[in-house]
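Engineer: Dropping a structure here in structure tokens format, bear with me for questions.
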Amino acid sequence: MIVKKDFLKKLKEFGLNTYESKLWTALLSRGVSTAGELSDIANVPRSRSYDVLESLEKKGFIIMKLGKPIKYIAVPPEEIVNRVKKKIEDDTNVALSSLDELKDSPLLDELKLLHKNGVELVEPFDLTGIIKGRNNLYNHLEAMMKLATKSISIFTTKDGLIRKSDIFKVVFKKLAEKGVSIRIAAPLDESTASIVVSLKDSAEVKNVPNINARYCIVDGKEVTFMLLDDAEVHPTYDSGVWINTPFFAKALQAQFDMLWTAADVLKVVKRN
């Protein structure tokens with residue numbers, strides 16, 4: 001029996017390896033069969049078949065039929081889907097519960113202290129990093145912004161503003177409630193007017209045309225800047241550099257402030 005590679009890859013989502021996938025699908029096609037028969041059908045070495053079938057039995061994908069020769073019965077696929085779903089839900093709940101316990105445990109305080117002491121020993125040029133992939137970039141930006149106590153300055157593109165307004169809307173709101181000043185500079189037009197209005201309670205947005213830049217400054221201490229034009233790069237290949245250095249951050253902050261002040265005499269999309 002020939003099973004397409006793409007199909008076998010999808011079965012990995014069920015927690016099966018290649019041999020398990022081949023033997024299970026072979027058994028599904030027969031209903032009831034012996035290990036030898038399944039080995040021939042699935043093109044799995046006989047020396048491995050019994051171990052693999054035993055693994056499938058433990059995972060609940062097959063049932064061993066009493067009698068000789070030993071035969072196996074396939075569990076219906078719809079039942080397998082329900083079992084896999086339940087296992088994922090149970091594992092997720094256990095993991096979430098463990099994380100909740102960790103948040104309130106002395107262990108987290110010890111880890112935070114260890115990290116704080118470790119950072120103090122790190123040379124400034126070591127506090128840098130490269131982040132690859134837009135999802136990873138946004139996760140990093142969110143973590144960086146959540147630590148802000150005074151200010152966040154963001155320079156982004158028009159499309160970047162649209163994305164950030166959706167992804168960080170809740171984060172912006174919580175930070176604003178804590179008194180953090182959030183300023184966003186971007187090239188604006190009619191398509192972004194509603195975005196500016198939606199952010200009015202948490203962030204101030206100004207129009208800075210003819211400049212495409214992508215960076216974020218937090219508290220004038222650390223910066224993350226993107227290396228590529230988001231209009232020309234696939235999100236998977238987007239990348240940025242994180243630098244934790246007040247020296248560079250303050251210089252970039254001063255340039256942002258100048259552009260921000262100049263934006264007062266430019267066309268600014270007004271908020272209602």
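The values are calculated or read from the model by the stated rules, or taken from the named source; none is laboratory data. Note that the structure is predicted; figures quoted are calculated from it, not measured. Don't worry about glycine lacking a Cβ; one is built from the backbone with ideal geometry, like all the others, and counts go over all protein chains shown.
Engineer: Of all residues in the range 231-259 being touching a helix residue (DSSP H, G or I) at 6+ places or on another chain (Cβ under 7 Å) and surrounded by 15 or more Cβ atoms within 10 Å (Cβ to Cβ), which is farthest from VAL218 (Cα to Cα)?
Structural biologist: The first filter runs over the range 231-259 and keeps only residues touching a helix residue (DSSP H, G or I) at 6+ places or on another chain (Cβ under 7 Å), leaving 231, 235, 238, 240, 242, 245.
Now narrow it down to the ones that are surrounded by 15 or more Cβ atoms within 10 Å (Cβ to Cβ): 238, 240, 242, 245.
Working: ASP238: 21, GLY240: 15, TRP242: 11, THR245: 11 Å.
By that ranking, first place goes to ASP238.
Engineer: Next question. Residue by residue through the range 58-80, note down the ones that are out of contact with any Phe, Trp or Tyr (no Cβ under 7 Å at 6 or more places or on another chain) and free of Cβ contacts under 8 Å to residues at least 12 places away in the same chain.
Structural biologist: Listed by number, the residues that qualify are LYS58, LEU66, GLY67, LYS68, PRO76, GLU78, GLU79.
Engineer: Still on this structure, please answer the following. How many of the residues making up the range 36-52 are touching a Phe, Trp or Tyr at 6+ places or on another chain (Cβ under 6 Å) and buried (at least 22 other Cβ atoms within 10 Å of the Cβ)?
Structural biologist: 1
Engineer: Could you go through the range 219-228 and let me know if any residue there is farther than 27 Å from LYS178 by Cα and exposed (fewer than 15 other Cβ atoms within 10 Å of the Cβ).
Structural biologist: Yes, that holds for at least one residue.
Engineer: Moving on to the next point. Go through the range 162-205 and give me each residue that's in contact (Cβ under 8 Å) with a residue 40 or more places away in the chain, among the hydrophobic types (A, V, I, L, M, F, W, C) and surrounded by fewer than 21 Cβ atoms within 10 Å (Cβ to Cβ).
Structural biologist: Result: ALA193, VAL197.
Engineer: Now for a separate question. Kindly check whether there is at least one residue in the range 259-272 that is out of contact with any Cys (no Cβ under 6 Å at 6 or more places or on another chain) and in a strand (DSSP E or B). Before you say what the answer is, go through the steps one by one.
Structural biologist: Start the filter on the range 259-272 by keeping residues that are out of contact with any Cys (no Cβ under 6 Å at 6 or more places or on another chain), which leaves 259-272.
From the residues that got through so far, the ones that are in a strand (DSSP E or B) too are none.
There is no residue in the range 259-272 that is out of contact with any Cys (no Cβ under 6 Å at 6 or more places or on another chain) and in a strand (DSSP E or B).
Engineer: Can I ask one more? Taking into account only those residues within the range 65-101 that are within 12 Å of LEU27 (Cα to Cα) and at pLDDT 85 or above, which is surrounded by the most Cβ atoms within 10 Å (Cβ to Cβ)?
Structural biologist: Of all residues in the range 65-101, those within 12 Å of LEU27 (Cα to Cα) come to 71-77.
Pick out the ones that are also at pLDDT 85 or above and you get 71-73.
Working: LYS71: 19, TYR72: 24, ILE73: 13.
Ranking the qualifying residues of the range 65-101, first place goes to TYR72.
Engineer: From (1) modelled with pLDDT of 95 or more; (2) closer than 18 Å to LYS146 by Cβ, pick out the condition that doesn't hold for ARG214.
Structural biologist: Condition not satisfied by ARG214: (2).
Engineer: Would you mind finding the one in ALA176, ALA251, ALA185, ALA203 that is hydrophobic (A, V, I, L, M, F, W, C) and farther than 18 Å from LEU141 by Cβ?
Structural biologist: Working: ALA176 fails: farther than 18 Å from LEU141 by Cβ; ALA185 fails: farther than 18 Å from LEU141 by Cβ; ALA203 fails: farther than 18 Å from LEU141 by Cβ.
Residue meeting the stated conditions: ALA251.
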